[in-house]
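A short worksheet on the structure shown next.
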Amino acid sequence: MKIKRMITFRVTLVLVAMAVFNSGCDLIDTIGRALAGYCETPEWVVTRFDDPVRGGLCNAEDCSLRKAVQASNACPGTQTIRLPAGTYVLSLAGTDEEDNRTGDLDLTDSVNIIGDSEAVIDGGGLDRVLDIFSPAHARLTSITITNGNWVDGGGIRNGGTLTMLGGAIQENAGRRGGGLFNLGTAALESVVIQNNLADRGAGGGIYNEGNLSLTHGTILGNSGERD
């Protein structure tokens, strides 16, 4: 995938600079070990609730949610992102880009995002909250998705595979699928879908054009012009 290659190349450039600074010999081996070590981090723990302009690597002292997603996109395999309790507000304005720079969080590789308690990802009303691309598998546990606003899928647009365990999709808006616009495969278990709006179309809570299952969930207070 073009996006994935670009992201990996950028991470590699940063690691090259680190290797040049820290190593006087065996540079290629140093770069390889640095990249492997970075991608073998057991999990990325988000340490800040704001959404600073992207730059640098996610580390134990400074890791925003956007940086953590960028790290996951860049590394092969399934990464884990852990969110301590709190509200993570996306504030970098800018839509219609797929490189995770602005607006929504673009998930281009498989990832587990785990809320330790009640973790909320707030789209700030600037864009949708999550955009999941095939063939990524996004697994969300105890996460609330809220305050997203975009054409198809105000809260989440899923073109890959989405598994959501607990949490909620609430108070999002879009033309179709105010809460969730599903084009791929989505399995929602014990998820609350509430108070989402499809302001010019159908599917206030969910608009489905793929494969979707909802188990032990709650759907209430959603609305759309053609619901």
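For the reader, a short list of remarks on this structure follows.
- Qualifying residue in the stretch 43-51 (condition: on the phi < 0 side of the Ramachandran plot, of a type in the set (A, V, I, L, M), open to solvent by less than 70 Å² (accessible area, probe 1.4 Å) and modelled with pLDDT of 85 or more): yes
- Of all residue pairs spaced 6 or more apart or on separate chains, those with beta-carbon atoms under 6 Å, a first member in the stretch 127-153 that is within 19 Å of Q79 (Cα to Cα) and a second member that is of a type in the set (S, T, N, Q) and surrounded by fewer than 20 Cβ atoms within 10 Å (Cβ to Cβ) are A136/S110; H137/S110; H137/T161; R139/N112; R139/T163.
- Filtering S142, S134, S213 for residues that are modelled with pLDDT of 95 or more and either at positive phi or touching a Lys or Arg at 6+ places or on another chain (Cβ under 8 Å) (or both) leaves a single hit, S142.
- Of all residues in the stretch 115-164, those that are of a type in the set (A, V, I, L, M, F, W, C), surrounded by fewer than 21 Cβ atoms within 10 Å (Cβ to Cβ) and touching a Leu at 6+ places or on another chain (Cβ under 7 Å) total 1.
- Here D99 does not fit the description of being open to solvent by less than 30 Å² (accessible area, probe 1.4 Å), in contact with an Asp or Glu (Cβ under 7 Å, 6 or more places away or on another chain) and modelled with pLDDT of 95 or more.
- Single match in R226, R157 (criterion: modelled with pLDDT under 95 and farther than 24 Å from S117 by Cβ): R226
- Considering each residue of the stretch 53-75 in turn, at least one proves to be at pLDDT 95 or above, in a loop (DSSP other than H, G, I, E, B) and small (G, A, S).
- Take the conditions (1) buried (at least 24 other Cβ atoms within 10 Å of the Cβ); (2) under 22 Å from T108 (Cα atoms); (3) over 15 Å from the mean Cα position of the chain (by Cα); (4) of a type in the set (G, A, S); A187 misses just one of them, which is (1).
- Test for T87: is it of a type in the set (V, I, T), part of a loop (DSSP other than H, G, I, E, B) and either out of contact with any Leu (no Cβ under 6 Å at 6 or more places or on another chain) or touching a residue at least 12 places away in the same chain (Cβ under 8 Å) (or both): no
- Residues satisfying the stated conditions in the stretch 194-222, i.e. of a type in the set (A, V, I, L, M) and within 18 Å of T161 (Cα to Cα): I206, L212, L214
- Index of the failed condition, T30 passing every other in (1) at pLDDT 90 or above; (2) in a helix (DSSP H, G or I); (3) of a type in the set (S, T, Y): (1)
- Condition check for G204: within 27 Å of N73 (Cβ to Cβ) and either small (G, A, S) or part of a strand (DSSP E or B) (or both): no
- Selection count where residues are within 14 Å of Q79 (Cβ to Cβ) and polar (S, T, N, Q), scope the stretch 100-126: 4
- Residue tally, condition out of contact with any Lys or Arg (no Cβ under 8 Å at 6 or more places or on another chain) and open to solvent by 60 Å² or more (accessible area, probe 1.4 Å), over the stretch 191-210: 4
The values are calculated or read from the model by the stated rules, or taken from the named source; none is laboratory data. Computed from a predicted model, the values in this text were never measured in an experiment. Note that each Cβ is placed from the backbone with ideal geometry, even for glycine, and that neighbours are counted across all protein chains shown. The accessibility values were calculated without ligands, DNA or RNA, using every heavy atom of the protein model including side chains. Shrake-Rupley method; radii C 1.70, N 1.55, O 1.52, S 1.80 Å.
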